[in-house]
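Enquirer: Sharing a structure, written as structure tokens. Questions coming.
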Amino acid sequence: MSRPLQARRLEGIDKNIWVEFVKLAATYSKVNLGQGFPDFPAPDFLTEALTRALGGGNHMLHQYTRAFGHPALVKVLAQFFEKLLGRDLDPMTNVMVTVGAYQALFCCFQALVDEGDEVIIIEPFFDCYEPMVKMAGGTPVFVPLRPVFSREELGLIAELCVKHDVLCISDEVYEWLVYDGKQHIRIASLQGMWDRTVIVGSAGKTFSATGWKVGWVVGPDRLLQHLRTVHQNSVYHCATIAQEAVAQGFQRELTLYGKPESYFVQLPKELQQKRDWLVQSLDDLGMKPIIPEGTYFLVADISPFKSDVPDAPDSDEPYDYRFTKWMVKNKGLAAIPLSAFYSEAHKNNYTNFIRFCFAKVR
Amino acid sequence: MPFRHKNTRRIEGLDSNVWVEFTKVAADPSIVNLGQGLPDISPPSYVKEELAKVAAVDRLNQYTRGFGHPSLVKALSQVYEKVCGRKIDPLTDVLVTVGAYGSLFSTIQALVEEGDEVIIIEPFYDCYEPMVKMAGAKPVFIPLRCKNDGNTASSADWVLDPAELANKFNSKTKAIILNTPHNPIGKVFTREELQVIADLCIKHDTLCISDEVYEWLVYKGNKHIKIAMLPGMWERTVTIGSAGKTYSVTGWKLGWSIGPEHLIKHLQVVHQNTLYTCPTPLQEALAQAFWIDYKRMDDPDCYFYSLSRELESKRDRMAQLLKEAGLKPVIPDGGYFMIVDVSTLNVDLSDIDEKQPYDYKFVKWMIASKKLSAIPLSAFCGPETKKQFEKYIRFCFIK
């Protein structure tokens, strides 16, 4: 074939950090704090919901359900988010279920980003944002985070979105993992933002079951209608039985909302302890951890280790990549280089940091 | 400032969908729904049991390998090595996707773009056209035509005209989408028919996207042949399969693409940028089910063969009932759909909305007056052939 086999939309998006680092961790690590998934079990009430659904004798749970989301799940998600956002939500038009938050993001970009559009990405970023924007023909514009990120900054983002009539794709998968009594603020609840925001959520992160790949979007119909079009022309349906079990998980949380037995209260409490333990351990090792207010990741400054792993200006690999490879091969400890989460243009400014995941039992 | 955000160009005109209209109607429990293709028979018990076992294993609730859970891609490569008689590498030649639907999407997004033409055989599974359009390419339609002037009794009577087909190929033709066994007609393409398509693919250096989700559902006297096995075709074909259709678990939404590394690698790039991984527990359970049937692939009790025996009698029963009602069914050689010529009934549909094709009006009348639903065939063709297909409706018999 004289022209290339593959479509142009794949240009520049074939590389992926996980391919290399997951293999390294699998080969060498004794303690894997790299990839972001819990190594503790999903809560019993969730796996029991799946078992109940399977044992219930309703074999139609093994067949297609409603394409835009299993009715039981979209209904309870709408109820939940009505409470959180303080507005009425229609489960049929303001909620859509996706194959993980990953596919929700894909639908957002494919539905709303055209060739020639610019999309602002805050650095460091979950690595898929950049290739997804590019695959949609958009141009990513990178803005680095400074150490402090507060409510005032969310308000500033909101003002700019309204002023320039810009959409906001808000990835809130870690919405329940917030520590030290801090509050997760949903940008969609700020003035002028509901109508221009798509909120992305994840059962994998909410219920510590990343392998179930159930996610969702919540937003106004005038935006979600376009995501539905992408969804119906790409995967169409999501797995029924996983949605049924997640729906039951949410039902339980709805009845326990705000109470101490709520998983959304217990999980952050448990993870805060693990965070504090990891911070202490890294301090003792001589690294300089940055204490996170949320999620189950933390970033540590590795520049004190330049004596063990010296700089190599001639190397084509950034310092943090070389450090993490040395660390996993020699110390059996896996982490991810932070510069992987920066754009090509800014990578070199952030090569002294590595990322650890602390959703781990040890 | 007024809100300027609308849909992107790639999805312009792709929002409507035949299912949205007809599944809503058929959701009424008093209606016998023979429209949408989903089984209401139970999946085999061992399939459900495997999933129940998996639910108890902690690590199976977390992410697995993006391109396919290791035990599943291994099982798939073994099963298909046996079927195809060639080596299939589980890591490079197989991609697990969200249903066959997801495989079609990954294949088209990976290999088709603006400037390309893609040949689609009518009638077609309805997603082919919008997926080709979403990739920016031009669908080029070619209809199956009935050999004996409409007096057809079998899906084998519906054929492609080789000269007409050859005319559809040109230097822009990037791919042809083949569906065998065929939905909705139930045609099982013969080796000779596949050879005609293969010859053209090789001559014009065109890819073949072969949707074989109903590969196990072939009835007596017929054999499913994989076009990828014809000489010169493995290197230019992506073959798509479905757990939903293989094991009667459409709600598991697992499918796969199998092909040469130099094609599959591009599908993997799409996959890693769209949803990355498929659900782990379902993949593990499916792998275990495949191992059970792999071990008995030489045994008639293997589900791959027992399901088609079960469906053959359902097919015959439905054909009988339709004939007794004065209708002319086209007996399918494969798949679980049957198309029926309803014009013979001469039902007066003049009071229903004129703008719709005859079969749409007929189905709406049938739902209202006979409490029975089916799908109008013109939903599965391009604009130029609607007249040819509007006297047919499609029934599903995996019920």
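Enquirer: Tell me which residues come under 5 Å, amide H to amide H, from A:Arg186 once H is placed; ignore anything under 5 positions away on its chain.
Expert: Amide H to amide H, under 5 Å and 5 or more residues apart or across chains, A:Arg186 pairs with nothing.
Enquirer: On average, how many beta carbons from a partner chain sit within 10 Å of the beta carbon of a residue in A:223-234?
Expert: Mean inter-chain Cβ contacts per residue within 10 Å come to 6.
Enquirer: Under a 10 Å cutoff between Cα atoms, tell me which one of A:Lys269, A:Lys134, A:Lys83 has the largest fluctuation in the Gaussian network model of chain A.
Expert: Largest GNM mean-square fluctuation: A:Lys83.
Enquirer: To test your reading of the geometry: what angle, between 0 and 90 degrees and rounded to tens, separates the Cα axis of helix A:100-112 from the longest principal axis of chain A?
Expert: That works out to roughly 80 degrees.
Enquirer: Please sort by residue number the trypsin sites (Lys or Arg not before Pro) in segment B:45-108 whose DSSP state is loop and whose Cβ has at most 12 other Cβ atoms within 10 Å.
Expert: Of the trypsin sites (Lys or Arg not before Pro), the ones in loops of segment B:45-108 whose Cβ has at most 12 other Cβ atoms within 10 Å are B:Arg86, B:Lys87.
Enquirer: Still on this structure, please answer the following. What does the average come to when, for each residue of peptide B:8-15, you count the partner chain Cβ atoms lying within 10 Å of its Cβ?
Expert: Mean shielding by partner chains, rounded to a whole number: 6.
Enquirer: Right, here's the next one. With a sphere of radius 15 Å drawn around the Cβ of B:Phe397, what net charge do the other residues whose Cβ falls strictly inside it have (Lys, Arg +1; Asp, Glu -1)?
Expert: Net of charged neighbours comes to +3.
Enquirer: Net charge within 10 Å of A:Pro337 by Cβ-Cβ distance, Lys/Arg positive one each and Asp/Glu negative one each, not counting A:Pro337 itself?
Expert: +2
Enquirer: Does chain B come out rounded, prolate or oblate, given a ≥ b ≥ c as the square roots of the eigenvalues of its C-alpha gyration tensor, rounded meaning a/c under 1.5 and, failing that, prolate meaning a/b above b/c?
Expert: Taking the square roots of the gyration eigenvalues as a ≥ b ≥ c, chain B is rounded.
Enquirer: Now for a different question. With θ set to phi - 60° and the Karplus curve 6.51 cos²θ - 1.76 cosθ + 1.60, what are the ³J(HN,Hα) couplings of segment A:222-239 in order, to the nearest whole Hz, using x for Gly and Pro?
Expert: Each residue's phi maps through the Karplus curve to give 5, 9, 4, 4, 6, 5, 4, 4, 5, 4, 6, 10, 10, 10, 6, 10, 10, 4 Hz.
Enquirer: Listing B:Ile120, A:Ile17 from the residue with the fewest other Cβ atoms within 10 Å to the one with the most, what is the order?
Expert: With the fewest neighbours first, B:Ile120, A:Ile17 line up as A:Ile17, B:Ile120.
Enquirer: Based on the mean of other beta carbon atoms within 10 Å per residue, what is the order of B:241-253, A:115-127, most packed first?
Expert: Descending mean neighbour count gives B:241-253, A:115-127.
Enquirer: Looking at the protein assembly as shown, send over the antiparallel percent of its DSSP beta bridges, to the nearest 5.
Expert: Close to 55 percent.
Enquirer: Next question. What is the distance in Å between the Cα centroid of segment B:17-80 and that of segment B:180-238?
Expert: Centre-to-centre (Cα) distance: 25 Å.
Enquirer: A follow-up question, please. Could you work out the local net charge near B:Ile292, counting Lys and Arg as +1, Asp and Glu as -1, over the other residues with Cβ closer than 15 Å to its Cβ?
Expert: Summing Lys/Arg as +1 and Asp/Glu as -1 gives -1.
Enquirer: With θ taken as phi - 60° and the coefficients 6.51, -1.76 and 1.60, list the Karplus ³J(HN,Hα) couplings across segment A:241-255 in order, rounded to whole Hz; mark glycine and proline as x.
Expert: Listing the rounded values in order: 5, 5, 5, 4, 5, 5, 4, 5, x, 5, 4, 4, 5, 5, 6 Hz.
Enquirer: On a 0 to 90° scale, report how tilted helix A:263-285 is relative to the longest principal axis of chain A, with both axes built from alpha carbons and the result rounded to the nearest 10.
Expert: Approximately 0 degrees, to the nearest 10.
Enquirer: Let me spell out the model: positive unit charges on the Cβ of Lys and Arg, negative unit charges on the Cβ of Asp and Glu, origin at the Cα centre of segment A:278-362. What dipole size does that give, in debye rounded to 20?
Expert: So the magnitude is around 360 debye.
Enquirer: For chain B, what is the percent of antiparallel DSSP beta bridges, rounded to the nearest 5?
Expert: 50 percent
Enquirer: Something else about it: Please compute, for peptide A:14-23, the average count of beta-carbon atoms on other protein chains lying within 10 Å of each residue's beta-carbon.
Expert: So the per-residue partner count for this stretch is 3.
Enquirer: Return the single residue from B:Asp351, B:Asp301, B:Asp205 with maximal mean-square fluctuation; model: Gaussian network over chain B, springs between Cα atoms under 10 Å.
Expert: B:Asp351
Enquirer: Another question, if that's okay. Need one word for segment B:1-115: rounded, prolate or oblate. Basis is the Cα gyration tensor (sqrt eigenvalues a ≥ b ≥ c); a/c below 1.5 gives rounded, then a/b vs b/c decides.
Expert: oblate
Enquirer: Can you tell which of B:Gly335, B:Gly136, B:Gly186 shows the greatest fluctuation in a Gaussian network model of chain B with Cα springs below 10 Å?
Expert: Ranking B:Gly335, B:Gly136, B:Gly186 by mean-square fluctuation puts B:Gly136 first.
Enquirer: Looking at segment B:333-370, which trypsin sites (Lys or Arg not before Pro) are in a loop (DSSP not H, G, I, E or B) and have at most 14 other Cβ atoms within 10 Å?
Expert: Within segment B:333-370, the qualifying trypsin sites (Lys or Arg not before Pro) (loop, at most 14 other Cβ atoms within 10 Å) are B:Lys355.
Readers should treat all values here as calculations from the given coordinates under stated rules, not as data from a laboratory. Only a predicted model underlies this, so the values are computations on that prediction, with no experimental measurement involved. Virtual Cβ from ideal backbone geometry, glycine too; neighbours counted across all protein chains shown.
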